[in-house]
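Each remark here refers to the structure printed beneath this line.
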Amino acid sequence: MTAEVEIVSFGYGHDAPPTADITLDVRTSLHDPHVDPAMRQMTGLDKAVQRHVLATRGANEAVRGLASAALGLRIALDVPDRRRPIQIAIGCVGGRHRSVVLAEALADILKWVQVTASVTHRDVAKPVIQRVTR
């Protein structure tokens, strides 16, 4: 079955954002696991990172908002000559932590409302970007 929504997580520090109907930049809006040396080499697929990111005030609301936007676009594009998957891109600095967590959380919500979604983590396997942390 073809996905109704295609979700891609990515890192702005690796390459340009992918083409998407909706692009969410979470570089400055969510708790950054990179600042914790214990989580730096982990990814958003790890439970500790998921808990850390989703504990950010507003994180869950952002995911629900994305799901609502995806459902709205799905209805708008559900005409024979425009039918295609909705594309959502979520980016953080390295594409390993915050964007991955939100992409997975979004896919879970969409699955819960019976919308098929595919998830691609473009940069999750790339090296951690070395940067100054505060």
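The values are calculated or read from the model by the stated rules, or taken from the named source; none is laboratory data. These figures come from a predicted structure and were not determined experimentally. Cβ atoms come from the backbone with ideal geometry, glycine included; neighbour counts cover every protein chain shown.
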key: Hits in the stretch 4-15 - residues which are outside any loop (DSSP other than H, G, I, E, B) and among the acidic types (Asp, Glu)   = 6
Residue check for residue 21: without any contact (Cβ under 8 Å) to a residue 40 or more places away in the chain and surrounded by 15 or more Cβ atoms within 10 Å (Cβ to Cβ) = no
message = Please determine whether any residue of the stretch 28-43 is within 25 Å of residue 2 (Cβ to Cβ) and either within 11 Å of the chain's Cα centre (by Cα) or not small (Gly, Ala, Ser) (or both).
response = no
query = So which residues in the stretch 4-18 are of a type in the set (A, V, I, L, M) and crowded, with 16+ Cβ neighbours inside 10 Å?
reply = 5, 7, 8
note = All-but-one check, residue 29 against (1) surrounded by fewer than 17 Cβ atoms within 10 Å (Cβ to Cβ); (2) of a type outside the set (A, V, I, L, M); (3) at pLDDT 95 or above, failing number (3)
task = Answer with yes or no whether residue 46 is among the charged types (D, E, K, R) and over 12 Å from residue 102 (Cβ atoms).
result = yes
The stretch 96-106, subset within 9 Å of the chain's Cα centre (by Cα) and not β-branched (Val, Ile, Thr), residue farthest from residue 5 (Cα to Cα) = 98
ask   = Is at least one residue of the stretch 16-31 of a type in the set (D, E, K, R), touching a strand residue (DSSP E or B) at 6+ places or on another chain (Cβ under 9 Å) and not in a strand (DSSP E or B)?
value = yes
inquiry  = Criterion first (under 15 Å from residue 128 (Cα atoms), touching a residue at least 40 places away in the same chain (Cβ under 8 Å) and among the aliphatic types (A, V, I, L, M)) does residue 5 satisfy it?
reply    = no
